[in-house]
1. Got at least one residue in the stretch 119-136 being outside any strand (DSSP E or B), in the same structural domain as Cys47 (by TED's automatic domain parsing), without any contact (Cβ under 8 Å) to a residue 24 or more places away in the chain and over 30 Å from Leu260 (Cβ atoms)?
2. Here are the criteria: (1) in contact with a Lys or Arg (Cβ under 9 Å, 6 or more places away or on another chain); (2) in contact (Cβ under 8 Å) with a residue 24 or more places away in the chain. Tell me which single one Asp308 does not satisfy.
3. Name the residues in the stretch 248-271 that are in a loop (DSSP other than H, G, I, E, B) and either free of Cβ contacts under 8 Å to residues at least 60 places away in the same chain or small (Gly, Ala, Ser) (or both), would you?
4. Within the stretch 383-437, take every residue that is among the aromatic types (Phe, Trp, Tyr) and either more than 22 Å from the chain's Cα centre (by Cα) or over 27 Å from Gly334 (Cβ atoms) (or both) and give me the one that is surrounded by the fewest Cβ atoms within 10 Å (Cβ to Cβ).
5. Can you say whether Asn71 is outside any loop (DSSP other than H, G, I, E, B) and over 24 Å from Ser150 (Cβ atoms), as far as the supplied structure shows?
6. Could you please give the count of residues in the stretch 141-168 that are in a loop (DSSP other than H, G, I, E, B), small (Gly, Ala, Ser) and touching a helix residue (DSSP H, G or I) at 6+ places or on another chain (Cβ under 7 Å)?
7. Being of a type in the set (S, T, N, Q) and without any contact (Cβ under 8 Å) to a residue 24 or more places away in the chain is the filter here, so list the residues in the stretch 380-410 that pass it.
8. Assess whether His238 counts as being more than 20 Å from Lys276 (Cα to Cα), assigned to a loop (DSSP other than H, G, I, E, B) and either β-branched (Val, Ile, Thr) or in contact (Cβ under 8 Å) with a residue 40 or more places away in the chain (or both).
Amino acid sequence: MKKYLQLYAEPETAVLDGLLDLQPWVNVVVIPACNESPEFLRPPPPCDGRSLMILVINEASSASERVSSNNLFLANEIEKKFVPLWQPIANGERGFGLKLYRDERAPRDILLVDRFSEGRKLPVKGGVGQARKIGVDLATSLVHRKRISSPWIHCTDGDVRLPETYFTCSNTREIRGSEYSTLIYPFYHCDYGGQKEVVEATRLYELSLRYYVAGMKYAHSPYAFHTIGSTMAVRASHYVKVRGFPKRAAGEDFYLLNKLAKVGSVLELEKGPECKPLEIESRRSDRVPFGTGAAVNKITALRDPVGDFRFYHPQVFKLLRRWLQAWPGIWQSGSNDLLTFLLTDEPGSDDQGCEMQALLTGLRGIGIEKALEHAFRQSKDLAQFTRQMHTWFDAFRTLKLIHALRDQHLPSISFASLEASHVFHQLLTQDSDLLAFYERITR
């Protein structure tokens, strides 16, 4: 952790010495805010002491005047509603874009990070990934300095309502003492009185997310979890091992979780009275180029959203499952020359043969031969071979394979075709979250 903070952390972490004199916090949550209203500054979830919100108000150097004015309004509202407590000083000058506020109506402090003023704006390519990295790096430094007692750094967004169990369910003795690298909170998107077409579009997109995770579970992939930046908590000790959030305009959550899953297990917290779901607002958004908000924009622009929106073909998850199940046989064979035979060793129809050929072509397209050679060379037994393969065939390469299958042989299908699929009904029987959501939107 010390090495990460010295070599890879954002420069804001170097000016926190003055915070060492303040009472430690129990929990921390990091929120990147761009073009948000102050409504999300509601009272924090309860915990056994004070919590800290690290709020990174950010915008890119190319942001519009509307975004800049909304960011300024949010910062001014914080200045009016909360009591200034601390600001770093160096060489007799105040600055660095950091300021700590005390919430006198709730047991919470807010560390405001100004990355929207002139001279402090983020580069266009840095985006929300850099904003999250700034906030989580600051939290990591405070954990390292023992100013935050929880090992978990919670990440969320301004469009999320946090339940009262938010901090308590992640701080049980079992979870604190575990080696999980990441916690994924249960969630659902809420109406909040939004436009009907936005709500319907969000439901379609959320169904596609839950369907994808259910398909990955069906295939027995270790990367079968949601990758939504507003629903996770990362363990500081594991966060530094993967060198933090990537500085990306979007997809930073996917790439971080892809790395965190390789250095520790990812736990999806089970929904229940002791762990209530996060409520995410259904809304359009132009904050990032892809993700939920951008998807909602595209879906609402379709002539017939329900009829025109497309889902991955269920057969891609059957082929993914078949590929993962082939690994013991490949290891036993001792040679990747048998790959074609192992993937087509069962007689079937011509269509099945075409699917296997598409699978083989997709695997070759992502470099399977070299990966197998490396895994054989580095492994002494099947368990080690499997670990090597899962490290290489990660969430990113899994998605690349699924896209190759989609483009070559199994084009995505409509909602009606998905409902008629035998595999989809298998997923419904095996995944309670998918079933509950499907029943809720089709009542």
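The values are calculated or read from the model by the stated rules, or taken from the named source; none is laboratory data. Everything quoted here is computed from the prediction, not taken from an experiment. Note: ideal-geometry Cβ built from the backbone for every residue, glycine included; neighbour counts use all protein chains shown.
1. Yes, that holds for at least one residue.
2. With (1) in contact with a Lys or Arg (Cβ under 9 Å, 6 or more places away or on another chain); (2) in contact (Cβ under 8 Å) with a residue 24 or more places away in the chain applied to Asp308, the lone miss is (1).
3. Ala249, Ala250, Gly251, Gly264
4. The extreme case among them is Phe396.
5. Yes.
6. 1
7. Residues satisfying the conditions are Gln384, Gln388.
8. Judged against the criteria, His238 is not a match.
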